[in-house]
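Notes for the one structure printed next.
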Amino acid sequence: MQPEFYADGPAVLIERQERTLVIADPHFGVEADLHRHGLHFQSATDARMSRLLTIIEQSDPDYLIVLGDLKHMIPYVTYQERIEMPEILRKIRKETNFRLAPGNHDTGLEHYLGKDELLPMNGALIDGTGYFHGHTIPAQELMGHLILCGHHHPVVNIYDDVGCSLRGTPGYLLAEIDPSAWGPVPANPTRILFVPAFYELAGGMDVRLIPGNNISPVANAIQNETAEVFLKDGTYVAPFTELRPDPMERT
Amino acid sequence: MTSAIDDLKDSLHPKLREVLEKRGFDEFSEIQMRAVPTLITGINAILIAPTGTGKTESALLPVFHQMLTKPCQNGFTALYITPLRSLNRDMMSRLEWWGAELGLRISVRHGDTTQNDRRKQATNPPDLLITTPESLQAMFMGKVLRKHLAGVRYVIVDEIHELAGGKRGTQLTVALERIAELAGEFQRIGISATVGNPELIGKFLCGKRPCTIVQVPVAKTLDLSVKFAGESFHGQTKLIEKCIDSHASTLVFTNTRSVAEAIGHALLPRGDTDVHHGSLSREVRVDAEDNFRAGKTRAMICTSSMELGIDIGQIDHVIQFNSPREVARLMQRTGRAGHQIHATSKGMILATGFDDILESMVIVNKAMANQPENTRPHMNAADVIANQIAALAVERGQIAIKKIEEIFSRSYCFHDAGPLIREVIAEMERHYLIRTEDDMVITKNRARKYLSLNLSMIADEKKSIIFDVVARKPVGTLDESFVISWISSGAVFVARGQVWRVLDIDEDRIMVEPAKNAKGELPSWEGEQIPVPFSVAMEVGRLRRLQNFEEYRADEKSVIFAEKILSDMKKNRSITATDQLIVLEDADEGVVINLCGGHKVNETIGRVLSILLSARYGTSVGIETNAYRILLRLPKFLRAPDVEEVLLSLEPEHIEGILTLALKKTALYKWKLVQIAKKFGAIDADADYEKISMNRLLELFDKTVIEREAFRELFFSSMDVEGAREVVTLLKTRRMGTKTSRLSIIGAEGLFTGRDIVVPPGEDQAIIESVKHRIDDQDVILACMHCKNWKSRTKVGRVPDQPQCPVCGARLVAVLKPYEEQAFTALKKKKLSTEEKEAETRMMRNANMVLSSGKKAIIALAGRGVGPESAARILNTFATGDNFYREILKAERNFVQTHRFWG
C-alpha cells in the first residue's frame, strides 16, 4: 500500500480493498470561537468545503474518514455549527460514504450523524488500517497495524545555512510506537501516521516537538529511531533523527 | 517701531490692553507683530517661527481679543490642541494667569484629567479647552460634550508639523471637519516649526479654505558648526563638559535614550546637570524642567522629548551629540537657543566618526541655507477612514454614505479618496463592525467598544515581558504586535542591544535565552531610528568624492579625521563609494554594498536584492542596512560579483512589484497589517491569538483594502521607492557606476561599529558563566534520607562534595529544592499516602545520585525543573566543564518548552 497525498487538503488516500480518503481536524465553525477571542471574520466554511469537495472529486474514494474535530466549539454546538453542519454533511454524503473518528471537539455531534458514521472514541480498524483522533489510547484491535490520527496538527520547519527557509508548513510524522506501551506486544510493529490539520488557521506543532510530548499518549510512546517526516505532498524530508536541527540550537 | 507696537496695542480689546500693561508687555517679537493684526481679522493661518519667540501668544492674543469682543456662552468657544499631555500642562500653567485676568475660563482635558474635572467641564464648559487629538475623539462620543463642541469658533493646533506627518494628524483633519458639522465654520490657526513646505501645512489644516502663512525663518538667526569629539567616550564627555562650562545654560540633544543616560551618568558628579527623556517618569521630567528653568542646573541632556516647545526658560547654547540625521530636526533643536528677541541661536554638533562627521557637515550647511525637509502627510489612509466612519456611526447611530463622503472630501488628506470610502465600508461590514442599509451606514453593538479602544491612531498595545531564563530576570518589554507577527518558539530577535532566542511564550511573558549565533533577518525592537534622507546621504557621497571640506562649517580636527580615513582607503587600495559609485565588498559574513542612499533607499534596495538572490540561488538571505551600506548575509559561495550582477539587472519599473513580494514575508509587514486590521475592527485591541496561526489568519487579508493600506503605509513610511528608482536609473544611464572589492575600513564601519547594527558580544561564555553563578547561588535543602531527622538549608556553592548527616553519620543525603522541604518533613509519618511514597522514591533516587556522583549531581539537581530523571540523563552524558553546564541548560530548556503540557 502506498498512500496518495493531496497537498491542497492536506489529505491522504489509503487504498487496499477500498479507497479511503482521510483528512484530520477541519474545525468547521471555528469563526464563532474566533469572534469570542476578538477576531472577527466571516465564516470560511464554504471555502473549506469547496477545497474538500475538489479533493473528493479528484480522488474518487469509497469513504471519507475525518480523523476528529469536524466541528470546533467545546463543549457545545454553536449557532454557526447548528446552521452549517447539516449542510456540510449533506454535501459530503452526496459524494461518498462518511465516517468520523470523534475528537475532543466533536461533543454534541452525535445527533447529526448516522449510526454507522460515528466510529468508536478509541478508533476502528477499517480495511486493515486503524483510524482514531489521537487524544486517547488507541483500541487494542488497532495494535500491530498502520494507524492514522489527527489531533497533533504537525508542521515542519526546514533550516538552511543562513536561517529558517521554510516555516510551519503542514507535514506528516510517521513513527513506530513502543510495542509494550499498552497491553500485549503485537506480532507486527504498530505505526502511527500523524496527519496534518485540514483547518488552515491551525497553529500547528513542529514535528521535532511531538515525540515524547505529553500532549497525547501516542506522542509519548513514539520511538524516535524509526520516525520519519514527510511534507504535505508526500515529499520525504528525512528520518526524524536526521532532521537538520534548528541552527540556533547549541550542539 | 514704537508706533507699530502702539498701533498693535490699540487694535486690541481694552481689557486685553490693560492686562498687557499689567504684564509689562512692551515689546513684541517679529512673529507677534506680524501675526496679531492678521489673525485679528478672523482668517485662517499657519504661524512659523523659532521656538521661544512667543508663538503661543501671537496665536492667542487675537483669539482672546475676539472672545472678548464677541462673547459667546455656548459650550467651548476655543480649542487649543497639542500633540502631548506635557505640552498641555505647560500651556495650562502659562494661560492660567491670562484666564484669571481676562475673566475667561480655561481648562485642560486629556488622559490624566480626573473624573471630577471632566464632570465639571461637562456641566460648566470652559471658554478655552486645552486638549489632545485623542481626547477630542473621545469628546465626540458624549452627548453633552458634543453639544459643547457645537460652540467652537476658534481652533488652534500647536506643533502641527509634528502631527502632519503621521496618522494622528490625518485623523485630526477629519475630527476638525466633524467639529464643523456640529459648529459650522471656525477660525483655524496652526503653529508650526520650520518645514520645507509651509503651504502644505496650510492645506493640511484648512483643506480648500483659504489660509495665510506668517513665517519668520529660523535659518537667518542660526549659527551652527561641527566639531570632532574624538572616538573615546571619555574624551567626548570631557568636551561636552567644556561646552557646558563656557555657557550659562546648555541643552545637549542625543539621538537615543541610552546615549542620553550614558552621558548623564558620566556628568553626574558635577551635580549641575539633569537627564530628560521619554522613558523617565513624569515627575522626574517635570523636576528636570523646573530645575533648568530656575537655573539650578546649567545643562540638560535630552532626546526628542525636549524638541517640542515646552517652556524651560533661557537657553544659551545647544549641543547636538552625533549627527541629527535630518535638517529640520537640527533647525528645531538648535532654534531653541538664544531665544528672546533678535538673538542668534548658537548650536554645535559633536561628531564621533567618519559617517557622522560628513553627515553633520552636510546637515549644518543645509540648515544654514534654510533647506529643511518637506513634511509629507499620509494621503488616503484607509485605516483612518475606517476609524472615523465607525466614530461617525457611533456618534449618529446611522449616517448616509453620501454625507460621509462629503465630510471626508473637505479634509486635504482625503479630498480625492473617491471609491476608497465605499471599499472601506464594505470591508468593515465584512468584519461586523457596522452594517449598511439603503446607502446608510448603521452602527452595531460592537462599534462603541471598538471606538473606546481605538480612539488613537498611535499603536497603543499590550506589552509582554521578556524574561531571561538564564539570568532569571526580566530584560524588557515587547509590543504585542511584534510578538504575534514575529515571536514564536525558536525565533531570534534583538532587544536591549543583545540577541535573544525565544524558548516559550506564556500569557504575558516571553521566555528567552541569549542567542549565540544570530543569523537571518533580525527584527530589532528598540525605538525606531530616525532615517537619514536620500538627499543628505547623496550629498555625503558628493563630499566624499569632491572632498571640498572647506565649503563646510567644521573644525580642523573633523577635517583631519575625515581626510585621514579617505587617505587610508587609498593606501589600502580600497575604493570609496560616492554619489556616483557603488562599491560591493566581500566580507566574512556576506557582501557589503556601499551605497550613499540613506536609510530608506538602502532598505528598499537591500530588500529587493535579497529576494532576487534568494529566488535565484534558493538560499535565505539576511539583511542589515544603514544610511551608507547594506549588508547581505549570504552563503559562502555567493560573492560581490554575483550581487553586482543582480544589482545591474534591476529595472526601475520593477522595483515596486518586487518590493511588494519581498515585504509580504517580513515581520514589519505583518505588524502593520495587524495594526491596520485592528482599525478596521477585524481584530480587537485585546484579541487573543493563542492556538491559531497568525500567518495564516493574515492571509485572509490578501487583496483586501486592509492589505493595500499596509503596503501604502510601508512604502510611504519605511521605504523610498522613488529614491530607489532614481538610483537604479542612475546605474542604467551610467551616471552611477559599480565596483567590487575586498572589505574596506569604510565598508566595515557599519559592520563592526555601526550605529544601527547590534553586534552580539561573546554570548556562549557569558551564558555559561551566568548559569554557574545562578546555580551556585541557589538555595537547597540537604536532607538525610537515612534517619530523616536532619535537614539544613544552604546554597549550592557551599555544599561539600560528599555531604554527610551530622545526626546519624550516613552519606545518604538528598539535595532538595526549597519547595520540597514540606514533602520531606511529611516522610516521618508512619503511614504514607501514594503521593508521599512517590516523593520518597524520588528523594531516595536523588540521595543515591548524590552518593555516587557527588557535587556534579548536586549541581545538576539544582537546575530549574531538573528532577532525578533528567539529572541522571545529564550525568550519563559524562560531560565535564562548560559542556556539563550546557547539558543542564538543555534540560532546563526542555523543561521550559514542555512543562505546559504536564498539567
**OP:** Work out how much length B:Ala615 to B:Arg119 would gain on full extension: take 0.36 nm times their residue separation and subtract the Cα-Cα distance, in nm to one decimal.
**Re:** 172.4 nm
Original post:
Between Rg and the Kirkwood Rh of chain B, both from Cα atoms, what is the Rg to Rh ratio?
Top reply: 1.02
Original post:
Which lysines, on any chain, are close to B:Lys147 with Cα under 16 Å apart, when same-chain ones fewer than 8 places away are left out?
Top reply: B:Lys120
Original post:
How far is it, in nm, from the label point at B:Arg742 to the one at A:Asp233 when both lie 7 Å from their Cα along the line to the Cβ?
Top reply: 4.5
**OP:** May I ask for the accessible area buried between chains A and B, both sides summed, probe 1.4 Å, to the nearest 100 Å²?
**Re:** 3100
Subject >> Residue (of B:Thr131, B:Thr666, B:Phe233) at the positive-pole extreme of chain B, dipole from beta-carbon charges >> reply: B:Thr666
**OP:** Count, for each residue of A:197-204, the Cβ atoms from other chains sitting within 10 Å of its Cβ, then give me the mean as a whole number.
**Re:** 4
Original post:
Taking the Cα-to-Cβ direction at B:Ser852 and at B:Ala426 and moving 7 Å from each Cα, how far apart do the two end points lie in nm?
Top reply: 7.3
**OP:** Report ³J(HN,Hα) in whole Hz for each residue of segment B:310-315, in order, from the Karplus equation J = 6.51 cos²θ - 1.76 cosθ + 1.60 where θ = phi - 60°; Gly and Pro get x.
**Re:** 5, 7, 10, x, 6, 10
Original post:
What is segment B:382-453 by shape, rounded, prolate or oblate, if you read a ≥ b ≥ c off the alpha carbon gyration tensor as root eigenvalues and call it rounded for a/c under 1.5, prolate for a/b larger than b/c, and oblate otherwise?
Top reply: prolate
Original post:
Per residue, how much accessible area does chain B show when a 1.4 Å probe rolls over the protein heavy atoms, in square angstrom?
Top reply: 41
Original post:
Sequence-distant or interchain residues sharing an amide H contact under 5 Å with B:Gly476, placed H: which?
Top reply: B:Ile466
**OP:** For n ≥ 4 DSSP H runs only, could you compute -39500 (n - 2.57) per run for chain A, divide by its residues and tell me the 222 nm figure to the nearest 500?
**Re:** -5000 deg cm²/dmol
Subject >> Estimated Rh, the protein assembly as shown: Kirkwood, alpha-carbon pairs, angstrom >> reply: 34.1
**OP:** Of the DSSP beta bridges with both residues in chain B, give the percent that are antiparallel, rounding to the nearest 5.
**Re:** 45
Original post:
In segment B:219-368, carbon and sulfur make up what percent of the accessible area (probe 1.4 Å)?
Top reply: 50
**OP:** Run the numbers on chain B and let me know its relative contact order in percent, using alpha-carbon pairs under 8 Å that are six or more apart.
**Re:** 9
Original post:
Which of the peptides B:32-39, B:429-436 is most tightly packed, and how do the rest follow, judged by the mean count of other Cβ atoms within 10 Å per residue?
Top reply: B:32-39, B:429-436
Original post:
Given labels modelled 7 Å from the Cα in the Cβ direction, how far is it in nm from B:Gln314 to B:Arg873?
Top reply: 7.2
**OP:** May I ask you to list the aspartates and glutamates whose Cα is less than 17 Å away from that of A:Lys91, ignoring any residue fewer than eight positions away on the same chain?
**Re:** A:Asp46, A:Glu57, A:Asp60, A:Asp62, A:Glu81, A:Glu117
Original post:
Could you give me the ³J(HN,Hα) list for segment B:42-49, computed from phi with Karplus coefficients 6.51, -1.76, 1.60 and θ = phi - 60°, whole Hz, x at Gly and Pro?
Top reply: x, 8, 6, 7, 10, 9, 10, 6
Subject >> Average partner coverage of B:677-687, which counts Cβ from other chains inside 10 Å >> reply: 3
Original post:
Dipole magnitude of segment A:4-242 about its Cα centre, charges +1 at Lys/Arg Cβ and -1 at Asp/Glu Cβ only, in debye to the nearest 20?
Top reply: 500
Subject >> Partner chain coverage, peptide B:692-701 - average Cβ within 10 angstrom >> reply: 5
**OP:** Could you please report the charge total around B:Ala266, scoring K, R as +1 and D, E as -1 over all other residues with beta-carbon less than 14 angstrom from its beta-carbon?
**Re:** -1
Original post:
Expressed in nm to one decimal, what extension gain is obtained for the pair A:Ala32 and A:Glu95 from 0.36 nm per residue of sequence separation less their Cα-Cα distance?
Top reply: 20.0 nm
Original post:
So for segment B:365-471, taking the charge dipole from beta-carbon charges (+1 Lys/Arg, -1 Asp/Glu), which of B:Leu451, B:Ala390, B:Thr375 sits furthest toward the positive end?
Top reply: B:Leu451
Subject >> Length-normalised contact order of segment B:534-603 in % [C-alpha pairs under 8 Å, at least 6 apart] >> reply: 43
**OP:** Mind checking which of B:Ile312, A:Leu53, B:Met348 is farthest towards the positive end of the protein assembly as shown's charge dipole, using Cβ charges of +1 (Lys, Arg) and -1 (Asp, Glu) about the Cα centre?
**Re:** B:Ile312
**OP:** Mind giving me the FRET efficiency for B:Lys703 and B:His265? R0 is 56 Å, r the Cβ-Cβ distance, nearest 0.05 is fine.
**Re:** 0.60
**OP:** Name the long-range amide H neighbours of B:Gln320: under 5 Å, sequence gap of 5 or more, or other chain; modelled H, no Pro or chain starts.
**Re:** B:Phe253, B:Met348, B:Ile349, B:Leu350
**OP:** Check each of the trypsin sites (Lys or Arg not before Pro) in segment B:157-239 and keep only those in coil by DSSP with at most 11 other C-beta atoms within 10 angstrom; list them in order.
**Re:** B:Lys208
**OP:** Taking all protein chains together and a probe of 1.4 Å, list A:Tyr79, A:Tyr6, B:Tyr617, B:Tyr669 from the most accessible to the least accessible.
**Re:** A:Tyr79, B:Tyr617, A:Tyr6, B:Tyr669
**OP:** Return the long-range amide H neighbours of A:Ala238 (sequence gap of 5 or more, or a different chain), with a cut-off of under 5 Å between placed amide H atoms.
**Re:** A:Val229
**OP:** Just read off the accessible area of B:His654 with the full protein assembly in place, 1.4 Å probe, to the nearest 10 Å².
**Re:** 100
**OP:** Pull the list of chain B cysteines that no other Cys approaches to under 4.7 Å, Cβ to Cβ.
**Re:** B:Cys72, B:Cys243, B:Cys302, B:Cys413, B:Cys596
Subject >> Calculated from backbone phi, Karplus (6.51, -1.76, 1.60) coupling profile of segment A:124-133 in Hz, x at Gly/Pro >> reply: 9, 9, 10, 6, x, 10, x, 9, 7, 5
Original post:
What does the charge dipole of the protein assembly as shown about its Cα centre add up to, to the nearest 20 debye, if the Cβ of each Lys and Arg holds +1 and the Cβ of each Asp and Glu holds -1?
Top reply: 2100
Original post:
For chain A, rounded, prolate or oblate, judged on the Cα gyration tensor with a ≥ b ≥ c (square roots of eigenvalues), a/c < 1.5 rounded, else prolate if a/b > b/c?
Top reply: oblate
Subject >> CD proxy at 222 nm, helix term only [per DSSP H run n ≥ 4: -39500 (n - 2.57); per residue of chain B; nearest 500] >> reply: -14000 deg cm²/dmol
**OP:** Over 27 Å between C-alpha atoms is what I'm after, so list which of B:Lys473/B:Lys672; B:Lys55/B:Lys600; A:Lys71/B:Lys691 land there.
**Re:** B:Lys473/B:Lys672; B:Lys55/B:Lys600
**OP:** Keeping the other protein chains in place, figure out the carbon and sulfur percent of the accessible area of segment A:36-164, with a 1.4 Å probe.
**Re:** 52
**OP:** Work out the FRET efficiency for B:Glu18 and B:Glu185 from their Cβ-Cβ distance, taking R0 = 30 Å, and round it to the nearest 0.05.
**Re:** 0.45
Original post:
Using only Cα atoms, what is the ratio of the radius of gyration of segment B:832-874 to 2.2 N^0.38 Å?
Top reply: 1.16
Subject >> Gain upon complete extension [B:Phe716, B:Phe25; 0.36 nm per residue less C-alpha separation] >> reply: 244.2 nm
Original post:
Taking only C-alpha pairs under 8 Å that are 6+ residues apart, what is the relative contact order of segment B:382-453 in percent?
Top reply: 40
Subject >> Viscosity 1.567 mPa s, temperature 4 °C, Stokes-Einstein D of segment B:219-368 from Kirkwood C-alpha radius, µm²/s >> reply: 86
Original post:
Does segment B:2-215 classify as rounded, prolate or oblate by the C-alpha gyration tensor (a ≥ b ≥ c root eigenvalues; a/c under 1.5 gives rounded; else a/b over b/c gives prolate, otherwise oblate)?
Top reply: oblate
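The values are calculated or read from the model by the stated rules, or taken from the named source; none is laboratory data. Here the structure is a predicted model, which means the values were calculated and not measured. When we count neighbours, we look across all protein chains shown, and the Cβ atoms used for this are built from the backbone with ideal geometry, even at glycine. Surface areas here come from the heavy atoms of the whole protein model, side chains and all, with no ligands, DNA or RNA. Shrake-Rupley method; radii C 1.70, N 1.55, O 1.52, S 1.80 Å.
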